[in-house]
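Here, each number is a calculation from the coordinates, and none is a lab measurement. Because the structure is predicted, anything quoted here is derived from the model rather than measured. Positions of Cβ are generated from backbone atoms using ideal geometry, with glycine treated the same way; all protein chains shown enter the neighbour counts.
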Amino acid sequence: MTQYLLSVHHAELSYTEEQSQEIFAAVDAFNAELQASSAWVFAGGLEGPESATVVDGTGSAVTMTDGPYVETKEHLGGFWVIDAPDLDAALEIAARGSKACAVPVEVRPFQSAP
């Protein structure tokens, strides 16, 4: 089995309270389905990009900057880490996750251990 990161990408979206609750319920159901299968490893939702801090330790002094690393309209809103036998299976799971959360989901395999 290979582990994949399913990244949930959000733009600044405005949903009604009713729409938000429907999406939360769909994601909860999707999470329960994954947890009942052998695919579930870990998942998490993230606070908004305004809560981010970028830490840069590449120079002689560590610098910290408030806000997201990249200034874009889209941001990482959450993720799933799954086990899947192959990319096709991961893509099928991602399609269901995208439908549940009503936004695109990026699929990337983790690197193999050397």
Grab the DSSP H runs of the chain that are 4 residues or longer, score each as -39,500 (n - 2.57), total them, divide by all residues and round the 222 nm result to the nearest 500 deg cm²/dmol.
-10500 deg cm²/dmol
Toward the positive end of the charge dipole of the chain, about the Cα centre and with charges on Cβ (Lys, Arg +1; Asp, Glu -1), which of Val27, Ala102, Gly57 goes farthest?
Gly57
Cut-off 10 angstrom, C-alpha nodes, Gaussian network model of the chain. Which of Asp66, Asp86, Asp28 fluctuates the most?
Asp66
When Val81, Val27, Val55 are arranged by how many other beta-carbons sit within 10 Å of their Cβ, fewest first, they go Val55, Val81, Val27
So which residue, out of Gly78, Gly97, Gly48, gets the largest mean-square fluctuation from a GNM of the chain using Cα contacts under 10 Å as springs?
Gly48
Chymotrypsin sites (Phe, Trp or Tyr not before Pro) within the stretch 28-72: DSSP coil, no more than 14 neighbouring Cβ in 10 Å
Tyr69
Sketch the reach of a paramagnetic label on Ala113 as a point 7 Å from Cα along Cα-to-Cβ, and name the residues of the stretch 1-22 whose backbone nitrogen lies under 19 Å away.
1-5
Of the GluC sites (Glu not before Pro) in the stretch 9-67, which ones lie in a loop per DSSP and count no more than 16 other C-beta atoms within 10 Å?
Glu12, Glu47
The chain: D in µm²/s via Stokes-Einstein (Kirkwood Rh, Cα pairs, 20 °C, 1.002 mPa s)?
137
Go through the stretch 13-114 and name the trypsin sites (Lys or Arg not before Pro) that are in a DSSP coil and have 15 or fewer other Cβ atoms within 10 Å of their Cβ.
Lys73
